[in-house]
Amino acid sequence: MNNRFYHSLYTFGQQIKTVSRTEKTKLSNYFIVVHPGVPIIGNKEKAKPELDFVEGCPDPIKTQILHIYHQAFAS
């Protein structure tokens, strides 16, 4: 994975899995990753996917997911 976007996306997914296991709460049930509509090529782009949270997602979980998201896509 030499593309920064996909590396960050992979890192985000791994962190979500790790925190889910630790806290015994499947965080991936609370959001959907919306991939950008254009191809992500090269390191020039600082593209990030959008997160679409499910209705009724508790605020503490949403905050936790956003924290992981910002860590993974920090540039």
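The values are calculated or read from the model by the stated rules, or taken from the named source; none is laboratory data. What you see is a predicted model; the values in this text were computed from it and never measured. Surface areas here come from the heavy atoms of the whole protein model, side chains and all, with no ligands, DNA or RNA. Shrake-Rupley method; radii C 1.70, N 1.55, O 1.52, S 1.80 Å.
Points worth noting:
- Looking only at residues in the range 10-34 that are assigned to a helix (DSSP H, G or I) and aliphatic (A, V, I, L, M), the one that is most open to solvent (accessible area, probe 1.4 Å) is 19.
- Restricting attention to the range 48-58, the residues that are open to solvent by 50 Å² or more (accessible area, probe 1.4 Å) and under 19 Å from residue 12 (Cα atoms) total 4.
- The set of residues in the range 48-75 being among the small types (Gly, Ala, Ser) and more than 15 Å from residue 28 (Cα to Cα) consists of 72, 74, 75.
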